[in-house]
Amino acid sequence: MKTWALIADTWREAFARFTFLGFAIASTLFLLILTFALNLDIVDGALAAGSLFGKEFVFPHHDTPIDQVVVHGQALFAGMLYGLGIFLAVFATGSLVPNLVKRGNVDLYLSRPIGRTHLLLGRYAGGVTLVVANLLYLCGGVFAIISLKTGVWNPRFLLAGAVILLVFLSFLGLMFLIGVLSGSTPLSIMVPYGLYVISLPLGAHERIAAAMDSRWAATLVRGLYWALPKTAELGRDMTRLVVGEGSVGLTAALTTAAFGLVSLLIAVVVFSRKNY
């Protein structure tokens, strides 16, 4: 019951600070734009013509199977949701720990009959449920709009939400560590964004390392690749998964999850020992 109370408290705070509402509004605007921007002309089970965001794409021979077009279109939208979903999720949860450790708030929480580890992990669980609810709405909404407009139902698209959640959970562990150490909401948001950008080119770490002038620099690049979340690889694997041409790489998934888990464990240790 204590865990559920912590989760409910996280939700109450999200509503009070309009965090959940902001996430929902941004997702709703994206879904509305997609609804009115995507227009398709389907003839005999094939896509004859269509437009997206006012840009027309025409198929004069009327021989392009609609299911093939839809699957590849969903892969494109999955890539868009990958960046948008992580951006919104990080922004929505960046204040969870800074608000918790704020003077006055932390005194109230620590006065309750609950351990510090349980408190922080309960806060983490609350943030996860917030993001899961919003990702279900965002990814499920895109899936429903495209499927209803085309009549093609590709459930693999929904797995894109699971990949987005995996990357976010890795960043959330880091955000909790930063929040415990600094108590800063801006820093808790900016560092994951910066890490996301930095980790993208590391997908080509071998080529980057080969171009380095010194051995230590090449070793540093390889070390960063293995230590940081594999955002580039997971984004690529996600689109292949949607199309049905592959699956998520186990190494990329495990190392990304490990980064978040280690960050969260360090945050728990620091929070348990820190004086407030």
Query - Some residue of region 127-139 being on the phi > 0 side of the Ramachandran plot and either assigned to a loop (DSSP other than H, G, I, E, B) or of a type in the set (Gly, Ala, Ser) (or both) - result: no
Query - Residue among Leu120, Leu96 that alone is farther than 30 Å from Thr239 by Cα, in contact with a Phe, Trp or Tyr (Cβ under 6 Å, 6 or more places away or on another chain) and modelled with pLDDT of 90 or more - result: Leu120
Report task. Identify all residues within region 72-120 that are in contact (Cβ under 8 Å) with a residue 60 or more places away in the chain, among the polar types (S, T, N, Q) and outside any helix (DSSP H, G or I); write none if there are none. Result -> Ser95
Query - Inter-residue pairs, beta-carbon under 7 Å, first more than 18 Å from Ser263 (Cβ to Cβ) and in region 186-215, second acidic (Asp, Glu), 6+ apart - result: Gly203/Glu233
Report summary line: Of (1) surrounded by fewer than 18 Cβ atoms within 10 Å (Cβ to Cβ); (2) part of a helix (DSSP H, G or I); (3) modelled with pLDDT of 85 or more; (4) of a type in the set (Asp, Glu), Glu233 fails just (1)
Query raised in the report: If you take the residues of region 84-106 that are surrounded by 14 or more Cβ atoms within 10 Å (Cβ to Cβ) and among the small types (Gly, Ala, Ser), which of them is farthest from Tyr196 (Cα to Cα)?
Result: Ser95
Query raised in the report: Counting only residues that are at pLDDT 85 or above and more than 30 Å from Leu121 (Cα to Cα), how many does region 168-215 have?
Result: 1
Report summary line: Scanning region 107-120 residue by residue, those among the hydrophobic types (A, V, I, L, M, F, W, C) and surrounded by fewer than 18 Cβ atoms within 10 Å (Cβ to Cβ) turn out to be Leu108, Leu110, Ile114
Query raised in the report: If a residue has to be touching a residue at least 40 places away in the same chain (Cβ under 8 Å) and outside any helix (DSSP H, G or I) to count, how many in region 245-276 make the cut?
Result: 3
**Report entry** Verdict on Leu138 being surrounded by fewer than 18 Cβ atoms within 10 Å (Cβ to Cβ) and either under 29 Å from Ala37 (Cα atoms) or among the aromatic types (Phe, Trp, Tyr) (or both)
**Finding:** no
Query - Condition met for Arg156 (touching a Ser or Thr at 6+ places or on another chain (Cβ under 8 Å), among the basic types (Lys, Arg), in contact (Cβ under 8 Å) with a residue 12 or more places away in the chain and assigned to a helix (DSSP H, G or I)) - result: no
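The values are calculated or read from the model by the stated rules, or taken from the named source; none is laboratory data. Treat the numbers as computed from the prediction; the structure is a model and nothing was measured. Neighbour counts run over all protein chains shown; Cβ positions are idealised from the backbone, glycine included.
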